[in-house]
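The values are calculated or read from the model by the stated rules, or taken from the named source; none is laboratory data. On a predicted model such as this, the values are computed, not experimentally measured, just so you know. Positions of Cβ are backbone-derived with ideal geometry, glycine not excepted, and every protein chain shown enters the neighbour counts.
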Amino acid sequence: LKESYDLIVVGSGAAGMTAAIQAQELGLHVAIFEKLNTLGGNSNRASTGMNATETVVQLANHVIDDQDSFYEDTWQGGGKTNDQELLSYFVTHSESAINWLEKHDIHLTDLTATGGMSQKRAHRPDNKSAVGSYLVKGLQKQLLTKKIPLFSETTAIKIMKQGEQVIGLKINNREIGEKTIATKAVLIATGGFSQNKNMLKEYAPELLQLKTTNHPGATGDGMKLAVAAGATLVDMHKIQVHPTVQQDTNHVYLIGEGVRGEGAILVNQTGQRFVNEMTTRDKVTAAIDNLQEDGATLVFDQGIRDAFPAINFYDAVGLVMTAENLTDLAKKAHLDSEKLVATVAKWNDSQVKGIDADFGRETAMARSLALPPYYAIHIKPAIHYTMGGIKINKLTETLNETGDKVSGLYAAGEVAGGLHGDNRIGGNSIAEAVIFGRQAGKQVAKYIDEMN
Ligand code: ADP
């Protein structure tokens, strides 16, 4: 641990690691501080993919997409309340982010779909495995080869300023205790606050009884650090409740949106569909809540299981019910078996016709449920993501209440607010972390160039 750095990155998720690599490649002396003894934050848990448009991967899969459509889907999904400056930067820099990862030996060469996206944009590893742990491992490898120091069990506790400018960071390291390190800039990349009950009570008391899919470090420290240093917050009451979370064991398991993206349907207790499974998360959650039942059930077949290998993991930890036919599956899942058989027959018929007359799901994104065995997972909504956070501009500079930047203080990733509006679309969080993480690395380098 040195006495001073050019840039200190707080948080070892995808945003922080990406920023550190980009900044170091531009010649900065960088260190990353992580408060836990594990790396990768919520990024490590991301399952479905990283959204991007106009990539060579899309073209290789004959997905003819464009930035306007990516913008429009994210804008509609966010209830047209997204920060448009951030959204424009986001959609115009997704392709270069995929290319940058590719150059750093991180290959997201397969595609899947997420709710609210009109095209297959969620880029994932070619073995179709979860994007998060793959990405975190790949970034970590880069940190090692580039010798970028990462100090774990080191909590950022105060940003030090002289006048209007950031000059240091006070940390608390498990072994050495409290210490102030000099730095020209700080990037806050500490993730969200889904694990902080007091903040949930303040911003969304109606959600307090829900469980969360988040890792233990998602405690909102970054928002507090930023406010104490003069920055302001936006959209703090906008909290995403993810529709498909398995909560019947003593661990809370997110069931990746790719299960639906590959074709699974959702049914109520009587075995009937009740929503377009591929609409946005807020709407699917609302439809489940409206049932006033004990959550709902995901139903799929072996074809879908093959296309989304995380299901093997869900099965290994005991979340998946299996049967050779739908009648037996209905019994196991406590659904009305006649209705379930009829529901699936109708669904398969709508695949043939190419139109989902009941709920308007884009059938092109799905496949028939016809290859046994059949599977079911019982799900309920849980807190998943905090859309709000530190106010930033497209340069990732943090802003105060009057819209002026806090000199030397940057934020990127889930800790920053505004990009997603009312509702984040699946696959946009990893994209945000990488796109704005890179941007933070570049902008801090520019800031320091101008200082010298
Ligand atoms: P993002 O996706 O925006 O990169 P993540 O949730 O993946 O966010 O990562 C944020 C990381 O920041 C987590 O590993 C978390 O433990 C860490 N973190 C949170 N608060 C602090 C803090 N005060 N000091 C250091 N690290 C922190």
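For the residues 23, 60, 97, the requirement of being of a type in the set (A, V, I, L, M, F, W, C) and surrounded by fewer than 19 Cβ atoms within 10 Å (Cβ to Cβ) singles out 60. Considering (1) under 28 Å from the mean Cα position of the chain (by Cα); (2) buried (at least 24 other Cβ atoms within 10 Å of the Cβ); (3) of a type in the set (Phe, Trp, Tyr), the lone condition that residue 359 does not fulfil carries the number (2). Can you spot a residue in the range 168-189 that is assigned to a loop (DSSP other than H, G, I, E, B) and within 11 Å of the ligand (Cβ to nearest atom)? Yes, the range 168-189 contains a residue that is assigned to a loop (DSSP other than H, G, I, E, B) and within 11 Å of the ligand (Cβ to nearest atom).
Among the residues of the range 334-360, just one is of a type in the set (Val, Ile, Thr) and closer than 13 Å to residue 274 by Cβ, namely 343.
Scanning the range 26-39 for residues that are out of contact with any Leu (no Cβ under 9 Å at 6 or more places or on another chain) and either surrounded by fewer than 21 Cβ atoms within 10 Å (Cβ to Cβ) or in a helix (DSSP H, G or I) (or both) yields 26, 27, 36, 37, 38. Only a single criterion out of (1) free of Cβ contacts under 8 Å to residues at least 60 places away in the same chain; (2) under 21 Å from residue 447 (Cβ atoms); (3) touching a Leu at 6+ places or on another chain (Cβ under 6 Å) is not satisfied by residue 208, namely (2). Report every pair of residues separated by at least 6 positions or lying on different chains whose Cβ atoms are under 6 Å apart, first residue within the range 33-49 and within 11 Å of residue 130 (Cα to Cα), second at pLDDT 95 or above and basic (Lys, Arg). Listed pairs, sorted by first residue: 49/124. Of the listed requirements (1) assigned to a loop (DSSP other than H, G, I, E, B); (2) buried (at least 21 other Cβ atoms within 10 Å of the Cβ); (3) of a type outside the set (A, V, I, L, M); (4) in contact with a strand residue (DSSP E or B) (Cβ under 8 Å, 6 or more places away or on another chain), residue 195 misses just one: (2). For the range 1-28, the candidate set comprises residues that are polar (S, T, N, Q) and away from the ligand (no atom under 11 Å from the Cβ); within that set, the residue that is farthest from residue 147 (Cα to Cα) is 4. Would you be able to say whether some residue in the range 46-53 is among the hydroxyl-bearing types (Ser, Thr, Tyr) and more than 15 Å from the ligand (Cβ to nearest atom)? Taking every residue of the range 46-53 in turn, at least one turns out to be among the hydroxyl-bearing types (Ser, Thr, Tyr) and more than 15 Å from the ligand (Cβ to nearest atom). Only one of (1) of a type outside the set (A, V, I, L, M, F, W, C); (2) surrounded by 24 or more Cβ atoms within 10 Å (Cβ to Cβ); (3) more than 8 Å from the ligand (Cβ to nearest atom); (4) not in a loop (DSSP other than H, G, I, E, B) fails for residue 42. Which number is that? It is condition (3) that residue 42 fails.
For the range 63-94, the tally of residues that are more than 24 Å from residue 385 (Cα to Cα) and either at pLDDT below 95 or not polar (S, T, N, Q) (or both) stands at 5. Quick one: which strands (runs of 3 or more DSSP E) sit completely within the range 364-438 and have at least 2 residues that are away from the ligand (no atom under 16 Å from the Cβ) and surrounded by fewer than 24 Cβ atoms within 10 Å (Cβ to Cβ)? Once the strands (runs of 3 or more DSSP E) in the range 364-438 are filtered for at least 2 residues that are away from the ligand (no atom under 16 Å from the Cβ) and surrounded by fewer than 24 Cβ atoms within 10 Å (Cβ to Cβ), what remains is 374-386, 397-399, 405-411.
Based on what the data block shows, is residue 70 farther than 30 Å from residue 178 by Cα, touching a residue at least 12 places away in the same chain (Cβ under 8 Å), assigned to a helix (DSSP H, G or I) and within 15 Å of the ligand (Cβ to nearest atom)? Here the answer is no, as residue 70 does not meet what is asked.
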